[in-house]
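The values are calculated or read from the model by the stated rules, or taken from the named source; none is laboratory data. This structure is a prediction, so every number in the text was calculated from the model and none was measured. Every residue, glycine as well, gets a Cβ built from its backbone with ideal geometry; the counts of neighbours run over all protein chains shown. Note: accessible area is taken over every heavy atom of the protein model, side chains too, but ligands, DNA and RNA are not part of it. Shrake-Rupley method; radii C 1.70, N 1.55, O 1.52, S 1.80 Å.
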Amino acid sequence: MSSKKRDVPEAEIIRDNDNTTPIAVRFEHVTKTYKLYKSDRHRLLSALTSRVKCDEVNASNDLSFVVHRGESIALLGDNGAGKSTALKMITGVCFPTTGKIEVHGRVSALLELGAGFDMRLTGRENVRLRGQILGLTSEEIDELEPKVIAFSELGKYIDQPMRTYSSGMRARLGFAVASSIKPDILVVDEALAVGDRRFSLKCRRRVRTIMKDDNVTVLFVTHSTRLARSFCQTGVVLEHGHAVYEGAIDDAVKFYEHEDDERPQKRPPKKRVYEKRDPKVCPKWRKRPRTKRYQAW
């Protein structure tokens, strides 16, 4: 018998700044596979030979959905369902193993807000560095800088090195930078709980202000169904990296909550009931005579 090699389709990514297309994001049979090795030594050897064994995990498994221009969509699912992986592929942080992804327009991501800063630079210098990385011109950066400083409420700390900032201050600056840019596609991943309660409400107002523009497309990931209903119109329920339901946000929330109710819950462990030891029943339970060692005591 002749063994035929299975042809695995290569991944295709289309990414541009065209905000006139009716479709903003499209996923077609996208699969993202991670290889888990036993150690770093095995991972290094895998680059030299294909004989190294590893476990494969599909964070996204044949995932397909379409987001139209101006639509706000919520990705719902439990931890490990593949929500954050889908957003990372949209923003270009990671790439698919197979399938096709289309992203049309400038993407602004509210993912890991405190990451990506240079701790040796000041907050002001990091703002300008972020603008250059995002491809903004010098005029756009000059216009962006005072807006970021005013929204982050850092005051005099903006000219201090980032290594002196707390995690909350870094997250506030990251949110201010990402939300002050005029995006065509806004990606939000559990980033609205930034700082204290007052600043968190301020962040939610900023997201609602961005969503008022009909051309802005929003992809929202959260475990709070209340926030999903208030921000989004459409919902996609993910399970094990695959889309199991797509529809209106109210119907998607009902489907997601109904799935949780139907899942079998773990029963509490049974308490062991020990019978009273009776020497007549079992001779092993009879008291043994003390040895000489214990009799000396």
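Report whether or not Val66 is within 24 Å of Met211 (Cβ to Cβ), of a type outside the set (S, T, N, Q) and in a strand (DSSP E or B). Steps first, please.
Values: within 24 Å of Met211 (Cβ to Cβ): yes; of a type outside the set (S, T, N, Q): yes; in a strand (DSSP E or B): yes.
When the stated conditions are applied, Val66 passes them.
One residue stands out in segment 52-65 among those that are under 19 Å from Lys32 (Cα atoms), open to solvent by less than 50 Å² (accessible area, probe 1.4 Å) and in contact with a Leu (Cβ under 8 Å, 6 or more places away or on another chain): the one that is modelled with the lowest pLDDT, namely Cys54. Looking across segment 138-169, just one residue is within 19 Å of Leu110 (Cα to Cα), out of contact with any helix residue (DSSP H, G or I) (no Cβ under 7 Å at 6 or more places or on another chain), part of a helix (DSSP H, G or I) and among the hydroxyl-bearing types (Ser, Thr, Tyr), and that is Ser167. Looking only at residues in segment 11-25 that are at pLDDT 85 or above and either of a type in the set (Gly, Ala, Ser) or within 8 Å of Glu102 (Cα to Cα) (or both), the one that is nearest to the chain's Cα centre (by Cα) is Val25.
Condition check ((1) small (Gly, Ala, Ser); (2) closer than 20 Å to Thr225 by Cα) across all residues:
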{"residue": "Leu63", "(1), (2)": "no, no"}
{"residue": "Val66", "(1), (2)": "no, no"}
{"residue": "Asn79", "(1), (2)": "no, yes"}
{"residue": "Lys83", "(1), (2)": "no, yes"}
{"residue": "Thr91", "(1), (2)": "no, no"}
{"residue": "Cys94", "(1), (2)": "no, no"}
{"residue": "Gly105", "(1), (2)": "yes, no"}
{"residue": "Arg120", "(1), (2)": "no, no"}
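Taking Arg172 as the residue in question, decide whether it is touching a residue at least 24 places away in the same chain (Cβ under 8 Å), in a helix (DSSP H, G or I), within 21 Å of the chain's Cα centre (by Cα) and surrounded by fewer than 21 Cβ atoms within 10 Å (Cβ to Cβ). No, not satisfied.
Quick one: in segment 73-84, of everything that is touching a helix residue (DSSP H, G or I) at 6+ places or on another chain (Cβ under 6 Å) and small (Gly, Ala, Ser), which residue is farthest from Leu238 (Cα to Cα)? Checked segment 73-84; the qualifying residue farthest from Leu238 (Cα to Cα) is Ala74. A Cβ distance below 8 Å, combined with a sequence gap of six or more or placement on separate chains, defines the contacts here; from segment 227-251, residues that are open to solvent by less than 70 Å² (accessible area, probe 1.4 Å) reach residues that are among the aliphatic types (A, V, I, L, M) and in a loop (DSSP other than H, G, I, E, B) in the pairs Leu227/Leu192; Leu238/Ala81; Glu239/Ala81; Gly241/Ala81. Filtering Ser84, Ser72, Ser108 for residues that are open to solvent by 20 Å² or more (accessible area, probe 1.4 Å) and either more than 20 Å from Ala178 (Cα to Cα) or not aliphatic (A, V, I, L, M) (or both) leaves a single hit, Ser84. I need the full set of residues from segment 181-215 which are modelled with pLDDT of 85 or more and either surrounded by fewer than 20 Cβ atoms within 10 Å (Cβ to Cβ) or over 19 Å from the mean Cα position of the chain (by Cα) (or both), in order please. Scanning segment 181-215 gives a single hit, Asp184. Scanning segment 37-94 for residues that are of a type in the set (Ser, Thr, Tyr) and either in contact with a Phe, Trp or Tyr (Cβ under 7 Å, 6 or more places away or on another chain) or without any contact (Cβ under 8 Å) to a residue 60 or more places away in the chain (or both) yields Tyr37, Ser39, Ser46, Thr49, Ser50, Ser64, Ser72.
Yes or no: Asn126 over 28 Å from Glu239 (Cα atoms) and either open to solvent by 30 Å² or more (accessible area, probe 1.4 Å) or of a type outside the set (Gly, Ala, Ser) (or both)? Yes; evaluated as a whole, the condition is true for this residue. Looking across segment 88-107, the residues that are touching a Lys or Arg at 6+ places or on another chain (Cβ under 6 Å) and among the β-branched types (Val, Ile, Thr) come down to Thr97, Val103.
Let me confirm something: among Thr49, Thr33, which residue is polar (S, T, N, Q) and either open to solvent by 70 Å² or more (accessible area, probe 1.4 Å) or under 30 Å from Val218 (Cα atoms) (or both)?
From the options Thr49, Thr33, the qualifying one is Thr33.
Among the residues making up segment 12-43, a single one is outside any strand (DSSP E or B) and aromatic (Phe, Trp, Tyr): Tyr37.
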